[in-house]
Structure formats: C-alpha cells, structure tokens
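A short worksheet on the structure shown next.
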Ligand SMILES: Cc1cc2nc3c(=O)[nH]c(=O)nc-3n(C[C@H](O)[C@H](O)[C@H](O)COP(=O)(O)OP(=O)(O)OC[C@H]3O[C@@H](n4cnc5c(N)ncnc54)[C@H](O)[C@@H]3O)c2cc1C
C-alpha cells in the first residue's frame, strides 16, 4: 500500500469517493455539484470517453477529441468536486481507504463506477492476437492497423499474401460488431476505390463471426435479421453459429475446422468486469459484476455503492441484471443522487428502490440503415437511422463536440468521404507488427 495521500483538502463534509468517470460516475459527480459533500472523482484518464462512437474513430470518421471530454472542464466551477487522475488498485473496507497507483484516500462513502472491460474468456492468446475497442486508444490503434495494412498491401504483388493484410474478421455480432462491420463495408465501397485505387476493393473480405444464430442478441430477433440482411447486401460475410477457437500466424481457426486468413481480428465478443481487490468473493456475480440491492448498495458493505456496467441488480423485470449499456448507468446515478439529496445517508431506510426505465435500444449499420427497438414498436431504415443520429448527438458531452460530430456526419453524408485517414503513433496490445508477409 502506498503511503502517499492524494493531497485532498481537509473537510468536515462527508467524503464520497467516485471511482470511474464514465456515464455513471460522471453523471453522479455532476449532479452532486454544490451539495454538502466533498466528492472526489477518480479516473485513470483525465477525460470522459463516449464509447458508442469509438467505432467511428476506428473507421477514420471522427477524431478522438470529438468523442472525449476533459473532466476538469466539467467541474471548473464546482467547489466541492475534486478530480484525481489515478487508478484504483484496492479497497480497505476496515480502514475505509481506497488505494490507487498515485496514493491513498480515506472515504466515508464510495461509488464504484468502473464499467467493464473486454472479455477474452481467460484466453491470453486471443487477447494478444486480437484488437479491442474499449478505449479511445484502442480505437486509434485499430484505425492505424487498418490504414497501415492497406499501405502494406499495395506493396505486395501476390494475391494470397495480400489477403491476410486486407481481410478483416470481427468476432461478436452485438451492436459494436454490427456497427463496425457496416462501416468497414462502407469504407470498402466508398473510400478504398478512391484512396487505394491500385488495390481491387473486391478483394477485401469482411467477416462477422457470431456464436449464436442471431445478430444483436437482446433485441427483437426480427431486428437482428434485418441487420443481418443489410450487412449481407453490403457484402459482409456474416457467419452465424460460428466460433473462433484459436488464432495462429494470421489464421483464425474456427470450431468447425475451417480457417480464415486475416492479420486483423477485432474482438467484440462481450465484456466482463475487473475484480476489485479487497472486496470479499461473495459480492461477485457472473462476469465479476458486483451484487447490489435495489438502492445500488454493495451486498456486504453499506458505505459502498456500485453503478452501471459494474453493478448486478436483480429485479423482477431484469432477473439477469440490467443490460450493460449507457441508460442503466445514467439512470442509476441520477437515482442515487436523488436518494442522497432527499434523505441523506442517515436515513437510508427511506430510500426509494431503483426502477429502470427502458427507453429502447438501437444499432446502425450504415447510411440510412439502422434498427431501433422502442418499448411499443420497432423501426428500421432511414427513420431509425435519423433517430440513431439524434440520440447519439444528444448524448454526447459538450456543445463543441456535438457541433463537430454533426458537421463530420453531414460532410461524410454528402461527400461520401471521411477526411481523417492519418496513421498517427501506433500503439498496440498486439505483439510487434509481424513482417512475415
Ligand atoms: C465500443 C462500444 C460501443 C458501445 N455502444 C453503445 C451504444 O451504442 N449504446 C449504449 O447504450 N451503450 C453502448 N456501449 C456500452 C456503454 O458504453 C456502457 O454500458 C457504459 O459506458 C457503462 O457506463 P459505466 O459508467 O458503467 O462505465 P464506463 O462508461 O465504461 O466508465 C468506466 C470508467 O471507469 C474508469 N475506470 C475503470 N477502472 C478504473 C480504475 N481501476 N481506476 C480508475 N478509473 C477506472 C474508466 O477509465 C472509465 O472512464 C458501448 C460500449 C462499447 C465498448
């Protein structure tokens, strides 16, 4: 345990330490501005990242800065909120201390909002050989890898050797996989023939591998089928009931014995949560989500609350917990603040239980193509796409970011062109780029 402290001002106010400035942590801290508590907001980054648009950064459609928002800007005028860029390492419940890589901090209450991480199902080899999409850094890395491989492919005369560089495999047919596959298909159709006219765009194969028999699991199966049809028409090879079991030397091995040659495998096959060192085992549910009661309080500790992706709250409507998407995280954070404001921590017995208001789910496949599931009806096509655009613009933090993103989308729509195809500073969790091709 580091003996450093994080140099926070002494206070008579109760201290709430919030770990993670994602949708849940940031919403909570913003709503607590001016309230009689000292709020300490930690994140390992000094910015909030808007994960739903990572794939557009990866596809060179948006700059990372337009989907990221500096935390200090949000709290410039807040006198009771203190930001620390630090990574939580453990919790000492007995001493009420959070240990971070920068020092320790005592707390009266803790809000854990650390979200989720990519689930590699314990397979270290797959982790090393695939590309993830769980941070702005990974999105940029993916963009670099794709552009870099197109550049390299131009220099390779042999068709067989070129394939591994230009073909792409996406594992996971959820919203992230579907959105990535759709925008790769558009990149292939609109950008490649212009930028890389020496390459035959028809040679580029995009595979979307899904373990089950439906895309967009969790949505109405009819919408999954519509998304599948869209993708197939756009030239994506959708493989249902298919599983990747191994990756060796640019070959993706499938469970049925077949192989696909591709250097880039994007892993979007699900998420899990990181264990919090110091919390007893009985707090964990499947995929390491922390079990909370109906007021988001940790099973074994009344002073610890868990929000968003990291929380597992069982309810009649959601026996398997809430979906790991933005809305439950935001709504839980708002609800927790409401309870604190109305009753304080002294009267937790009077706190109201959380009830999730499902506003709908959606995914886009490409221009004019999206599926939206609303509580009473479904939409597809152009109107669904407009709703998708509107919802994502509205949810973005920062007026400037909204304007930049809107401008980029309008520009791309009319010009069929994204203008951000720069290879900037490669950063990879893959092993050294191989030069065997
Ligand atoms: C590629 C992608 C696309 C998505 N698309 C959609 C979509 O279209 N619609 C939708 O509703 N949802 C989408 N999601 C899911 C959505 O982003 C999450 O459900 C949501 O972000 C969860 O919010 P959260 O606050 O629980 O966690 P997060 O928003 O993930 O925030 C967690 C924060 O905690 C920080 N953190 C983690 N560990 C530590 C630590 N040890 N110390 C300090 N800080 C830490 C992280 O840096 C991060 O800022 C998508 C997710 C991904 C990855």
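The values are calculated or read from the model by the stated rules, or taken from the named source; none is laboratory data. Here the structure is a predicted model, which is why all the values come from computation and not from measurement. As a convention, Cβ positions derive from the backbone with ideal geometry for all residues, glycine included, and neighbour counts pool all protein chains shown.
Residue pairs whose Cβ atoms lie under 6 Å apart, sitting 6 or more positions apart in sequence or on different chains, and linking a residue in region 162-175 that is surrounded by fewer than 24 Cβ atoms within 10 Å (Cβ to Cβ) to a partner that is in a helix (DSSP H, G or I), are 162/153.
What are the residues in region 189-206 that are more than 15 Å from residue 230 (Cα to Cα) and in a helix (DSSP H, G or I), if any?
So the first thing to find is which residues in region 189-206 are more than 15 Å from residue 230 (Cα to Cα), and the list is 190-205.
Hits for region 189-206 are 190, 191, 192, 193, 194, 195, 201, 202, 203.
Could you identify the single residue in 142, 147, 154, 131 that is at pLDDT below 95 and within 13 Å of the ligand (Cβ to nearest atom)? Spell out how you get there, then give the answer.
On the way: 147 fails: within 13 Å of the ligand (Cβ to nearest atom); 154 fails: within 13 Å of the ligand (Cβ to nearest atom); 131 fails: at pLDDT below 95.
Answer to the check: 142.
Restricted to strands (runs of 3 or more DSSP E) entirely inside region 1-52, those with at least 2 residues that are over 15 Å from residue 305 (Cα atoms) are 38-43, 47-49. All of 114, 74 fail the test of being under 23 Å from the mean Cα position of the chain (by Cα), over 20 Å from residue 303 (Cα atoms) and surrounded by 19 or more Cβ atoms within 10 Å (Cβ to Cβ), apart from 74.
Condition test on residue 150, is it touching a strand residue (DSSP E or B) at 6+ places or on another chain (Cβ under 7 Å), touching a residue at least 24 places away in the same chain (Cβ under 8 Å) and not in a loop (DSSP other than H, G, I, E, B)? No; evaluated as a whole, the condition is false for this residue.
Any residue that is in contact (Cβ under 8 Å) with a residue 60 or more places away in the chain and near the ligand (Cβ under 10 Å from one of its atoms) - is there at least one of those in region 30-39? Scanning region 30-39 turns up no residue that is in contact (Cβ under 8 Å) with a residue 60 or more places away in the chain and near the ligand (Cβ under 10 Å from one of its atoms). Inspection of region 233-249 finds no residue satisfying the criterion of being surrounded by fewer than 23 Cβ atoms within 10 Å (Cβ to Cβ), part of a helix (DSSP H, G or I) and either touching a strand residue (DSSP E or B) at 6+ places or on another chain (Cβ under 8 Å) or not assigned by TED's automatic domain parsing to the domain that holds residue 181 (or both).
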